[in-house]
Amino acid sequence: MIPPRVKRGLQLAFVVALTALFLWLFLRNANLRDVWKILRHTSPFWLTVAIVTNMGALVFRTLRWRTILDPDDPLPFYPTFFANTVGYMLSSILPIRAADFARPALLSRRTNHRFSGALGTVLTERILDLVCILTLFLYFVAHRHHEMTSDPRTAGWFNYLVRPAAFVSLAILTALAGLLIGIYFFAPYIRRAHEFLGRFIPTRFRASWMNFFDAFAASLEITKHKTALWTVLLSTVGVWACLTAQVYFSALALKLPVPFDASFFITGANTIGLAVPTPGGVGGIHKVCQFVLTRFYGFAIDASVASAVLYHLVGTIPVVVTGLILFAREGLHWKDVTHASE
């Protein structure tokens, strides 16, 4: 058996090597002096708009989560905003998607919501986000299909990458619809199946396993609360309006505009980059963004590198800075939030 310290050391070495590999792939053909020249001419106005837009997504996420947690009596804004911000800060600097676990843990320490119950609502949020991002991507494919396939420069990549991804997206949306309909109308049967699967996990986790499912199933009851349902739906629209608009505003800041719906494509593609286990998706996000901009929009390498760097900074710095401010304000220690993520 590998000792814990050795195991952590190997994990760290793997993350460092993977990050270095993707950064090399991202920067290998770029002229860093030219990249810096492009970044130096960033428009302060559009950069500010992009940063404010990014913060707007965090506000909408907070409004949505507090409503899902309790449709009848939403939680106070601050503790929910605090848990959201610090959780997403962790995801921005650690080589894991820590937010999904850290947010419920931080919230449970400041409210009477149990961790496993709050975690069930996070699954509801993730399904809403997945539906939105896949829908936006399918809209982009339908809207730009003729244009992309009739251009020899993009037809091949579109046919071999984008079109299959569209079919996969449609299949995922169909499966999600089936799952939600099944839970909504046949919850007792789905619950029994969930309970059966729980027999394969350690006994001490089984109560939390069932509480997680019950919280997720209960969150679907929000459809019976019209005001809460509209709050959740409009907040979700606000989240993705902000997350996609920040890409467009970042391009405007560099005076390298792209069509607005390109942000649907770039945002969707970057979720693949986030799957790379590097701190905050560093390297993975950059390479995916660069690939889309060069192959589908004719950006030069240096321009695509500058765009990817600025986009990543706009997407992470506001959350990290705000998270650190709240971190200091609450008098937390680093071990508190890392323990929450664990």
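Points worth noting:
- Within the stretch 235-257, residues that are under 16 Å from T316 (Cβ atoms) reach partners that are among the polar types (S, T, N, Q) and assigned to a loop (DSSP other than H, G, I, E, B) with beta carbons closer than 6 Å, at six or more positions or on different chains, in the pairs A253/T42; A253/S43.
- P277 fulfils the conditions (1) of a type outside the set (A, V, I, L, M); (2) under 22 Å from V15 (Cβ atoms); (3) in a helix (DSSP H, G or I) except for a single criterion, (3).
- Residues of the stretch 1-40 satisfying the condition of being exposed (fewer than 13 other Cβ atoms within 10 Å of the Cβ), under 21 Å from V288 (Cβ atoms) and of a type in the set (V, I, T): none
- For A215: the one exception among (1) over 22 Å from the mean Cα position of the chain (by Cα); (2) over 23 Å from M55 (Cα atoms): (1)
- Residue in the stretch 33-54 that is in contact with a Ser or Thr (Cβ under 7 Å, 6 or more places away or on another chain) and modelled with pLDDT of 90 or more present: yes
- Residue, modelled with the lowest pLDDT, within the stretch 116-155, restricted to residues that are among the small types (G, A, S) and within 26 Å of W65 (Cβ to Cβ): S116
- Here the stretch 118-152 is the region considered, the condition is being among the acidic types (D, E) and free of Cβ contacts under 8 Å to residues at least 24 places away in the same chain, and the residue that is farthest from F81 (Cα to Cα) is D151.
- Residues being assigned to a helix (DSSP H, G or I) and either free of Cβ contacts under 8 Å to residues at least 12 places away in the same chain or farther than 19 Å from D70 by Cβ (or both) - total across the stretch 192-220: 15
- Residue selected from the stretch 221-266 under the condition within 19 Å of L138 (Cα to Cα) and among the polar types (S, T, N, Q), by the criterion farthest from the chain's Cα centre (by Cα): S263
- Test: residue in the stretch 293-302 that is charged (D, E, K, R) and within 13 Å of L23 (Cα to Cα): no
The values are calculated or read from the model by the stated rules, or taken from the named source; none is laboratory data. As the structure is a prediction and not an experimental result, all values here were calculated from the model. Quick reminder, even Gly has a Cβ in these numbers, built from the backbone with ideal geometry, and neighbours come from all protein chains shown.
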